[in-house]
Amino acid sequence: MRDVFIGRGLTKIIDLLFPRRCPVCDGIVPVKEGNACQSCRRKIRYICEPRCLKCGRQLNDDTKLFCNACDKTQHIFDSGIALYDYQSMKKSIYRFKYKKRCEYAAFYAEDIYAHFKNEILRMEADAIIPVPLHQSRLKSRGYNQAELVSAHLSKLTGIPLEKNLVKRIRKTVPQKQLDAHGRENNLKKAFNIKPNVVKLNKTIVIDDIFTTGSTIDAVAKELKRRGVGTVYFITLCIGESF
């Protein structure tokens, strides 16, 4: 994927000087094996059909349309899809978010595109929007992991990236520290949207992990308040319903 941004010749030189890290095992990726070890790719557990029609969670019963969580929750977003089972990629996501493994973003975006190209085309989105970090967290981390994936996915799909449209204006407690009710309250008035969003009809929000959907809902609420008609989402990981 670095070829897209800097050219194939320079990419080969960079690969020799700074070998790619496999997003699964974090080892050096053998030459010509792309963004991940071929052996590691077989260890990834993907979300597959049947999936919840609302949040994309894996279903164990192909007669059901929605997971238990979505049966009980009135979400603001319209629908979404998730790529990986959380347990199989949680160490990868942790390194991506907190250990500066920014190069993983290319692999994630290519994997999203490979598995969901048709679904993304059907969304007919006007923009890809990464879930933003608060300025203080962005400063301490140095990057927004959702924005990195979004930038690569925008290049692959041709859908414009709107990385500055949504702002996180309130510093919140990390969602992983809260229960479902706490997550929802934690995000009240956390986001702000620029007024010109009204020109967008359909959007795709990108985040790393879907747990209860509170973050996506909070962003979707503001987008729809500003005139967006349909809000889809894509996340890297999703866990089991609870």
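With a/c under 1.5 counting as rounded, go ahead and sort region 84-171 into rounded, prolate or oblate using the C-alpha gyration tensor (a ≥ b ≥ c being the square roots of the eigenvalues; past the cut-off, prolate if a/b is larger than b/c, else oblate). The shape class here is oblate. Region 147-173 and region 199-242 have Cα centres lying 12 Å from one another. With 28 Å as the limit, the listed pairs 155/188; 117/139; 54/189; 99/199; 64/171; 43/100 have 155/188; 117/139; 99/199; 64/171 beyond it between alpha carbons. For a bin width of 5 Å, list the pair-distance distribution of region 91-133 built from all Cα-Cα distances, rounded to whole %. Percent of Cα pairs in each bin: 5, 18, 19, 26, 16, 12, 4. Mind checking the alpha-carbon convex hull of region 59-104 and giving the volume per residue in Å³? Value for region 59-104: 126 Å³ per residue.
No lab work stands behind these numbers, since they all come straight from the coordinates. This structure is a prediction, so every number in the text was calculated from the model and none was measured.
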